[in-house]
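Data first, discussion second: the structure below is written as structure tokens.
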Amino acid sequence: MKLVSFSRLDAPVGEGVILPGALVDDGRRVIDLTYEASHFFGALQAVQHGVTEANIHVDAPSYAIDEVRLHAPLQNPPRVFAIGLNYRDHAKESGMEIPKLPVVFFKMTTAIVGPGEAIVLPKNSTEPDYEAEFAFVIGKGGYRIPASAWREHVYGYTIVNDVSARDVQLATSQWSLGKSFPTFCPMGPAIVSADEIEDPHNLDVSLTIDGETMQHSNTRELIFKVPDLVEYISSITPLLPGDVISTGTPYGVGLGRNPKRWLKPGETVTITIEKIGSLTNPTVAE
């Protein structure tokens, strides 16, 4: 199942409630999942309840894709963990050592935007950068989860653009603020449930700007893979249903290019990950 959050375009002004849905018919229609409960719940609750295609009611209302607007599949997850330097070639282009343990930081949830929403390039940064990332979403929480049990805890997979203000990020040893400006966490377009992707460690990942390929790799190149990250993070803090873990970016970011290549207003950034889809966002100046 492809879990999304959407609003109806025909909703009255001020009443565009964001609803949980499922993409069906090869992405041509959205089924409203609020029909599955006696009270309203959002996409986060759908993750917590483990909603799958088997749970969808035969009479649930649905809409053509051009009748709705897609939003980030999770509007306010408990946390967004991000993993730095998790592709060997990206660590090298960044001039940093290959990590012996996962490099973990946070992106604030206030940075989350959905497909089609603009990435706002802040006035107090001259080095905004892009990062294509494969992410996974926790369904069943837990503390000190063994790597062997990772499948019991992963609900599904999505795309994150770990947009980064490099001058802010690298001004100190702490990265979170430089990666958490408003709109710096595009996410979506959907969360693909884990049952649809047998091997998350063999997916092509690419990023283009205005059609030019800037990044192209495969998740098999990850240094710390999904089981490793589940075990490591949960050995320190309990993972919660709805936590998003963004696994890092491959070679080709603007920081590592010569000359360096920063995002500029008026561009279109598209990340495509095999079996998940494409996440596209324009860029604008603040």
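Please pick out the residue among Val160, Val137, Val120 that is in the same structural domain as Phe106 (by TED's automatic domain parsing), of a type in the set (A, V, I, L, M, F, W, C), outside any helix (DSSP H, G or I) and touching a Cys at 6+ places or on another chain (Cβ under 7 Å).
None of the other options fit; the residue is Val160.
Please list, ordered by first then second residue, the pairs with beta carbon atoms under 9 Å, 6 or more apart or interchain, first in the stretch 175-195 and among the basic types (Lys, Arg), second in a loop (DSSP other than H, G, I, E, B).
Partner pairs satisfying both residue conditions: Lys179/Met108; Lys179/Glu131; Lys179/Asp162; Lys179/Val163.
Which number in (1) more than 23 Å from Phe106 (Cα to Cα); (2) over 16 Å from the mean Cα position of the chain (by Cα) marks the one condition that Ser235 misses?
All conditions are met except number (1).
The rows are residues; the columns are (1) over 23 Å from Gly50 (Cβ atoms); (2) surrounded by fewer than 19 Cβ atoms within 10 Å (Cβ to Cβ).
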site: Ser217; (1), (2): yes, no
site: Thr237; (1), (2): no, yes
site: Gly248; (1), (2): yes, no
site: Pro265; (1), (2): yes, yes
site: Val269; (1), (2): yes, no
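Among the listed residues Val230, Val269, identify the single one that is part of a strand (DSSP E or B) and in the same structural domain as Glu117 (by TED's automatic domain parsing).
Details: Val230 fails: part of a strand (DSSP E or B).
On inspection, the qualifying residue turns out to be Val269.
For the stretch 47-62, does any single residue satisfy the condition of being modelled with pLDDT of 90 or more, assigned to a strand (DSSP E or B) and closer than 17 Å to Ala190 by Cβ?
yes
If you scan the stretch 111-135, which residues turn out to be in contact with a Ser or Thr (Cβ under 7 Å, 6 or more places away or on another chain) and under 26 Å from Val154 (Cα atoms)?
Ala111, Val113, Pro115, Glu131, Ala132, Glu133, Phe134, Ala135 - these are the residues of the stretch 111-135 that are in contact with a Ser or Thr (Cβ under 7 Å, 6 or more places away or on another chain) and under 26 Å from Val154 (Cα atoms).
Pairs, please: C-beta under 7 Å, at least 6 apart or cross-chain, first residue more than 19 Å from Gly211 (Cβ to Cβ) and in contact (Cβ under 8 Å) with a residue 24 or more places away in the chain and in the stretch 274-286, second among the β-branched types (Val, Ile, Thr) and part of a strand (DSSP E or B)?
Lys275/Val192; Ile276/Thr158; Ile276/Ile159; Ile276/Val192; Glu286/Val120
Test each condition in (1) under 22 Å from Ala46 (Cα atoms); (2) in a helix (DSSP H, G or I); (3) aliphatic (A, V, I, L, M) for Ile191 and report the one that comes out false.
Of (1) under 22 Å from Ala46 (Cα atoms); (2) in a helix (DSSP H, G or I); (3) aliphatic (A, V, I, L, M), only one is false for Ile191: (2).
Please enumerate the residues belonging to the stretch 94-115 that are on the phi < 0 side of the Ramachandran plot and out of contact with any helix residue (DSSP H, G or I) (no Cβ under 8 Å at 6 or more places or on another chain).
Met96, Lys100, Val103, Phe106, Met108, Thr109, Thr110, Ile112, Val113, Gly114, Pro115
Is it fair to say Gly142 is touching a His at 6+ places or on another chain (Cβ under 9 Å) and within 21 Å of Ile233 (Cα to Cα)?
Judged against the criteria, Gly142 is a match.
Only one of (1) under 21 Å from Gly252 (Cβ atoms); (2) of a type outside the set (Lys, Arg); (3) surrounded by fewer than 21 Cβ atoms within 10 Å (Cβ to Cβ) is not met by Asn161, so which one is it?
All conditions pass for Asn161, except number (3).
All but one of (1) in contact with a His (Cβ under 7 Å, 6 or more places away or on another chain); (2) surrounded by fewer than 20 Cβ atoms within 10 Å (Cβ to Cβ) hold for Thr213; which doesn't?
(1)
A quick yes/no check of all residues on (1) within 21 Å of Thr109 (Cα to Cα); (2) touching a Lys or Arg at 6+ places or on another chain (Cβ under 9 Å); (3) modelled with pLDDT of 95 or more; (4) not hydroxyl-bearing (Ser, Thr, Tyr):
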{"residue": "Glu127", "(1), (2), (3), (4)": "no, yes, yes, yes"}
{"residue": "Gly141", "(1), (2), (3), (4)": "yes, no, yes, yes"}
{"residue": "Ser148", "(1), (2), (3), (4)": "no, no, yes, no"}
{"residue": "Asn161", "(1), (2), (3), (4)": "yes, no, yes, yes"}
{"residue": "Arg166", "(1), (2), (3), (4)": "yes, yes, yes, yes"}
{"residue": "Ala194", "(1), (2), (3), (4)": "no, yes, yes, yes"}
{"residue": "His201", "(1), (2), (3), (4)": "no, yes, yes, yes"}
{"residue": "Ser206", "(1), (2), (3), (4)": "no, no, yes, no"}
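Could you give every pair whose Cβ atoms fall below 8 Å, whose first residue belongs to the stretch 48-66 and is surrounded by fewer than 13 Cβ atoms within 10 Å (Cβ to Cβ), and whose second residue is at pLDDT below 85 and of a type outside the set (Phe, Trp, Tyr), counting only separations of at least 6 or pairs across chains?
Pairs found: His57/Glu36.
The values are calculated or read from the model by the stated rules, or taken from the named source; none is laboratory data. Because the structure is predicted, anything quoted here is derived from the model rather than measured. Cβ: placed from backbone, ideal geometry, glycine included. Neighbour counts: every protein chain shown.
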